[in-house]
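K.L.:
Structure in structure tokens, see below.
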Amino acid sequence: MSHEKSRLSRWLGRSEVPAREPSTPLVVEPDAIGADLYLLLNNEGQIHSISAHLLSRLGLSAHTVLNQRLMILLLPNSALVVEGVPGDWVGHMLDLDFRSNDGHTLHARGWVQHHGKGWLLQLTDISDLMEEASAARTRQQCLRLAGQMAEKIRGCIVERLPSVIAEQLEELAQMWRIPCVALALPEASGIGWRVYSQYSAHTAPELWQVGQRLGNEFDLLDANIAHELHFGGHTELSPLQSMFGNADGFLLPHSRDGVAKAWLMFGFYEPRRQAPDLGEREWLNLCSALAGPVLFRLSEQHNRHHVERLAVLQDLLGTGWWELLPGSDEILLAPQLARSLRLSDRVERLARQDWLALIHPADRQELSSRLLQLRDKGTPMLLCVRLAHADPGQETVWLRIQGQALISGQVQRVLGFMLDVSDIKNQETEAAAAHARLDNLIASSPAVIYVQRYDQGNLEPSFFSDSLTPLLGWTLAECVNGQLAGYIHPEDHDIWFERNRQLLREGFVSRRYRLRGKNGDYHWLLDEARLLRDDLGMPVEAVGLWLDVTEATLAAERVRESEERYRILVEDSPAMICRYSPQLVLSFGNRPLATYLECDPAELPGINLGDWFSEDQREAFVRRIALLTPEAPMSTAEICLELPGREHAWWVWADRGVFDESGTLVEIQAVGRDNTDVRRSRMQLNQSAKMATLGEMATGLAHEINQPLNVMRMAVVNVLKRLERGNVDVDYITDKLNRIDSQVQRAARVVDHMRVFGRRSEVEEQLFDPYDALEGTLAMLSESMKGKGVHIEAGERGAPVQVRGHADQLEQVLINLMVNARDAMLSRKEQNPDLQPAISLDMQQVDDKVIVTVQDNGGGIDPRLLEKIFEPFFTTKPVGVGTGLGLSVSYGIIEQMKGRLSVSNANDGARFKITLPVFNGD
Ligand code: ADP
């Protein structure tokens with residue numbers, strides 16, 4: 001900088017023309033010429049000779065001017081004065097302005113006179129005279145301009161201030177031909193400078209822009225003097241040099257108390273040359289005339305903004321300043337404050353006691369004493385007080401009052417502000433209450449909040465909520481220094497360490513593990529933790545929550561175990577268990593079912609049960625399922641299936657419907673048992689019983705067939721006799737042959753029926769009219785019964801009716817009953833020969849039932865035996881005669897047909913009643 005400084009020259013005002021050595025040779029030095037400055041001219045006005053002094057004043061050498069016209073030494077404005085030839089100028093006062101080499105003008109006054117053959121032009125230097133006049137004029141101009149500028153800046157409206165200032169700079173520039181001019185003001189921060197306004201002529205490059213930062217170069221300059229800047233020849237640019245475009249410049253300070261408040265900058269300007277008449281004082285005055293009012297207006301504006309901002313702030317915050325007036329016991333209040341304290345608008349000043357009276361009695365004493373301490377000792381004051389209010393129901397208003405002492409000039413002032421902090425105070429109260437509630441909640445909940453401090457990859461507990469001890473029995477001290485890991489269940493160690501790693505890696509973790517309580521019991525904890533990081537992303541601590549989920553976990557475990565047990569039960573059950581939809585599509589089936597269907601349990605879902613049924617069976621099955629209701633969701637049936645690789649399978653099948661809220665059947669759960677073997681043995685039993693019946697009936701049947709044979713033999717014998725006699729009566733023979741034919745048909749019918757009866761029953765049940773069975777029975781028995789003297793009375797066939805079952809089996813039941821009746825009657829007849837054995841056989845339809853009764857007059861059954869006669873192998877007949885199976889098999893057959901076989905004693909005999917459900921299409 002000292003280098004920089006050396007290039008700055010203090011502005012010294014007018015420069016002196018340096019004295020020059022008289023130049024030689026003087027062409028003519030006439031004698032007896034009184035003046036220092038003269039010229040000898042020939043008649044045409046060409047220079048013949050010139051005085052050495054004049055030559056040196058003009059800075060010329062003699063040979064450049066000799067024989068030239070006088071005009072070339074003069075400024076153009078002198079051309080008129082020397083028009084024509086010297087002879088014309090005689091007797092005139094000639095005011096001539098000579099052009100000097102150093103750029104200055106030499107003002108001279110002279111006259112011509114004859115001299116030898118030519119003319120002598122003698123001159124007197126009147127420059128001083130001329131320049132003084134011009135300087136006075138310039139100074140006056142300067143004053144006027146300064147006055148105008150100050151007036152315009154002071155007088156304009158604030159919005160126009162920037163443009164008015166720019167106009168003044170332009171005026172200044174035009175007046176003194178300044179190419180670039182700018183006004184620099186301090187930055188708002190007080191450090192450095194900034195271009196506030198600028199003007200540059202059209203012809204000049206724009207050196208500065210409004211708002212441009214200028215750094216703090218000016219601070220090194222003397223703020224009381226003008227500075228001329230010359231940088232000629234220095235290529236290394238200093239900041240100031242580049243600021244001025246490496247060209248000559250001029251800097252004017254406006255200072256107060258020796259400190260620069262503004263700088264006026266001139267670019268491409270050399271004041272000494274361009275405004276030689278202006279001295280440093282004039283320049284500094286001009287600068288102050290411009291900058292002074294600008295600074296004044298700006299600070300005025302700044303202050304107004306400040307006051308406005310303060311007012312808004314006070315209004316918004318419900319705050320305001322107060323001041324304890326020095327020398328009095330009164331408090332001055334900001335208008336906003338007076339308003340918010342609900343004082344009347346005009347009250348801005350009140351006695352200290354009245355001010356204190358506004359405060360709640362509980363806080364008044366403290367405020368009063370703090371205020372006196374502040375006033376007397378200067379102790380700063382800060383406290384929160386409540387406002388006193390008449391109405392106790394009103395919400396409390398809290399004020400924060402702050403005050404401090406301030407030395408202002410000679411006096412001490414006591415100032416402060418009051419701020420309405422009710423919001424914050426009330427929030428604080430609420431937050432404290434909420435905090436207390438939360439603390440309570442956490443302490444009494446089965447949750448523990450914890451913080452783990454991060455230390456080089458290790459997490460160390462640093463905080464537990466109060467609920468830790470009630471929940472687990474431990475204290476914080478018992479969990480630090482790695483002790484916590486020791487409480488983790490040995491089987492959960494892996495989970496615990498993985499939890500730590502994941503927390504550090506991903507910032508969040510949720511795990512479930514067992515932790516031992518102090519009493520030795522393990523608790524299932526649900527641990528959810530989050531890692532908190534600092535601004536640099538480094539882990540700081542982990543915050544987490546332990547939730548005791550022991551009960552839930554154990555309950556879930558129990559459910560799982562019981563599910564597992566049930567699953568095993570279902571899987572291992574010998575019974576078939578399955579679930580299927582109302583459309584008979586399986587959704588689950590256990591292994592036994594899969595085994596029957598010859599597939600894997602996994603293949604069962606999707607299979608349709610109906611595929612294994614005959615059409616009739618399927619219809620019956622679907623019908624039965626459709627009858628399930630939420631009130632009666634159960635149904636049991638024996639179903640017949642056509643299984644792969646087997647003839648027929650009989651399953652005892654129990655269904656239970658599952659219904660949705662609207663009562664719609666959504667699923668059926670079923671348990672089945674294979675009943676095929678039972679069924680088969682029953683059928684075998686039936687068959688053998690049937691065979692036994694047949695065997696028993698053999699005598700009867702022989703009689704049954706013998707009878708037609710006898711009739712036929714008689715007919716044949718009679719016909720032969722006739723033929724022997726030669727008595728061939730065609731009608732007679734035809735009659736006998738017809739009789740034979742009808743007997744053959746009758747025998748054939750009996751044999752036919754026996755064949756049918758002897759056959760095994762059909763696998764599936766059929767629909768038939770029970771009266772057909774009744775007739776079949778009579779066809780086989782009636783003749784033999786008649787032969788034994790038993791009268792049979794059979795009811796008429798009624799309206800057609802159908803039952804489901806096997807006709808041959810019902811026939812077998814009827815045969816059993818009739819044979820038993822016959823036996824009972826015949827054995828009774830042995831004791832009572834007068835007895836007329838009679839069986840009445842009847843069939844009636846009552847509502848949806850068909851009732852078949854078989855009534856005899858064999859004396860009935862001992863009432864003590866009524867219970868027992870249906871038991872298998874119960875017989876009262878001698879060994880080898882009775883089997884004791886007839887009634888038990890009959891009972892089974894009727895039950896199979898969903899009917900009932902019962903017995904009672906009536907009309908001197910036993911009455912057996914068969915009740916069968918009528919098939920009505922369902
Ligand atoms: P069985 O005829 O081979 O003895 P059942 O089961 O047919 O076997 O009959 C069982 C018993 O019931 C008979 O031994 C008989 O004592 C009694 N019983 C059956 N029907 C009658 C009847 N109509 N009157 C009296 N007793 C009867």
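K.L.:
What is the fewest-to-most order of I740, I893 by other Cβ atoms lying within 10 Å of their Cβ?
P.N.:
Taking fewest neighbouring Cβ atoms as first place, the list is I740, I893.
K.L.:
Considering only DSSP beta bridges where both residues belong to the stretch 767-922, give the percentage that are antiparallel (nearest 5). All intermediate terms of the calculation are to be shown ahead of the outcome.
P.N.:
Numbers: 23 of 27 bridges.
Once the DSSP bridges in the stretch 767-922 are tallied, antiparallel ones form about 85 percent.
K.L.:
Under a cut-off of 17 Å between alpha-carbon atoms, report the aspartates and glutamates in cross-link reach of K721, not counting same-chain residues fewer than 8 places apart.
P.N.:
D729, D731, D735
K.L.:
About the Cα centre of the chain, what is the dipole size in debye to 20, counting +1 per Lys and Arg Cβ and -1 per Asp and Glu Cβ, all else neutral?
P.N.:
Using Cβ point charges on Lys, Arg, Asp and Glu, the chain gives about 1020 debye.
K.L.:
Additional query: How much length would be gained if the chain were fully extended between A79 and E132, taking 0.36 nm per residue of separation minus their Cα-Cα distance, in nm to one decimal? The partial results should precede the final answer.
P.N.:
Working: separation 53, 0.36 × 53 = 19.08 nm, distance 2.37 nm.
Going from the current span to full extension adds 16.7 nm.
K.L.:
Kirkwood Rh over alpha-carbon pairs of the stretch 220-286, then Stokes-Einstein at 25 °C and 0.890 mPa s: what D in µm² s⁻¹, rounded to an integer? Don't skip to the answer; put the middle values down first.
P.N.:
Values: Rh = 12.6 Å.
Once the numbers are plugged in, D ends up at 195 µm²/s.
K.L.:
Any idea which of A108, G155, W193 is furthest toward the positive side of the dipole for the stretch 103-210, if Lys and Arg beta-carbons carry +1 and Asp and Glu beta-carbons -1?
P.N.:
Comparing the listed Cα positions along the dipole, A108 ranks first.
K.L.:
Another question, then. May I ask you to sort D97, D752 by Cβ crowding, counting other Cβ atoms within 10 Å and putting the fewest first?
P.N.:
D752, D97
K.L.:
Run the helix sum for the chain: -39,500 (n - 2.57) per DSSP H stretch of 4+ residues, divided by residue count, reported at 222 nm to the nearest 500 deg cm²/dmol.
P.N.:
-13000 deg cm²/dmol
K.L.:
Could you give the dipole magnitude of the stretch 579-650 about its Cα centre, charging the beta-carbon of Lys and Arg +1 and that of Asp and Glu -1, in debye to the nearest 20?
P.N.:
I would put it at about 260 debye.
K.L.:
Right, something else. So which GluC sites (Glu not before Pro) in the stretch 166-247 end up in coil per DSSP with only 12 or fewer other C-beta atoms within 10 Å? Write down the numbers at each step before the final one.
P.N.:
On the way: sites: E167, E170, E171, E187, E206, E217, E228, E236; in loops: E187, E206, E236.
Qualifying residues, ordered by number: E236.
K.L.:
Continuing with the same structure: For the stretch 813-922, run through the chymotrypsin sites (Phe, Trp or Tyr not before Pro) and keep only the ones in DSSP coil with at most 12 other Cβ atoms within 10 Å of their Cβ.
P.N.:
Those that pass, being in a loop and sparsely packed, are F873.
K.L.:
Over all pairs of distinct alpha carbons, what does the Kirkwood formula give as the hydrodynamic radius of the stretch 243-337, in Å?
P.N.:
17.5
K.L.:
Quick check: from the Cα gyration tensor, does the stretch 763-846 come out rounded (a/c under 1.5), prolate or oblate?
P.N.:
On the way: a/c = 2.81, a/b = 2.08, b/c = 1.36.
It is prolate, given that a/c is not under 1.5 and a/b is the larger ratio.
K.L.:
Still on this structure: Could you state the angle between the C-alpha long axis of helix 280-317 and the longest principal axis of the C-alpha atoms of the chain, as a value from 0 to 90 degrees rounded to the nearest 10?
P.N.:
Roughly 30 degrees between the two axes.
K.L.:
I would also like to ask the following. Ranking request for peptides 838-844, 436-442: highest mean number of other beta-carbon atoms within 10 Å first, then the rest in descending order. Walk me through the intermediate numbers first.
P.N.:
Working: 838-844: 18.0, 436-442: 11.9.
The most tightly packed comes first, giving 838-844, 436-442.
K.L.:
Hey, could you get me the Stokes-Einstein D for the stretch 493-565, Kirkwood radius over alpha-carbon pairs, 37 °C and 0.692 mPa s, rounded to whole µm² s⁻¹?
P.N.:
Translational diffusion coefficient: 236 µm²/s.
K.L.:
Another one. Where in the stretch 797-878 are there GluC sites (Glu not before Pro) that are in a DSSP coil and have at most 11 other Cβ atoms within 10 angstrom of their Cβ?
P.N.:
Here the GluC sites (Glu not before Pro) that fit, given the DSSP loop and packing criteria, are E867.
K.L.:
Enumerate the lysines that K913 could reach by cross-link, defined here as Cα to Cα under 26 Å, with residues fewer than 8 away along the same chain left out.
P.N.:
K690, K786, K788, K829, K849, K868, K877, K898
K.L.:
Taking K261 as the anchor, which aspartates and glutamates have their alpha carbon closer than 13 Å to its alpha carbon, excluding any fewer than eight residues away along the same chain?
P.N.:
Excluding near neighbours in sequence, the set is E187, D219, D222.
K.L.:
Tell me, in nm to one decimal, what length is gained between Q402 and D494 on full extension, where the rule is 0.36 nm per residue of separation less the Cα-Cα distance?
P.N.:
Values: separation 92, 0.36 × 92 = 33.12 nm, distance 5.98 nm.
Value of the extension gain: 27.1 nm.
K.L.:
Taking the Cα centre as origin and putting +1 on Lys and Arg beta-carbons and -1 on Asp and Glu beta-carbons, what dipole magnitude results for the stretch 369-507, to the nearest 20 debye?
P.N.:
Dipole about the Cα centre, nearest 20: 1020 debye.
K.L.:
What list do you get for E895, E131, E724 if you sort them by fewest beta carbons within 10 Å?
P.N.:
Final ranking by Cβ density, sparse to dense: E724, E895, E131.
K.L.:
Any idea what Rg and Dmax come out to for the chain if you just take the C-alpha atoms, in Å?
P.N.:
Reported Rg and Dmax, both Å: 70.9, 233.
Values quoted throughout were computed directly from the atomic coordinates according to the rules given, and no laboratory measurement underlies them. None of these values were measured; they are calculated from a predicted model. All Cβ positions, glycine included, derive from the backbone under ideal geometry; neighbour counts span all protein chains shown.
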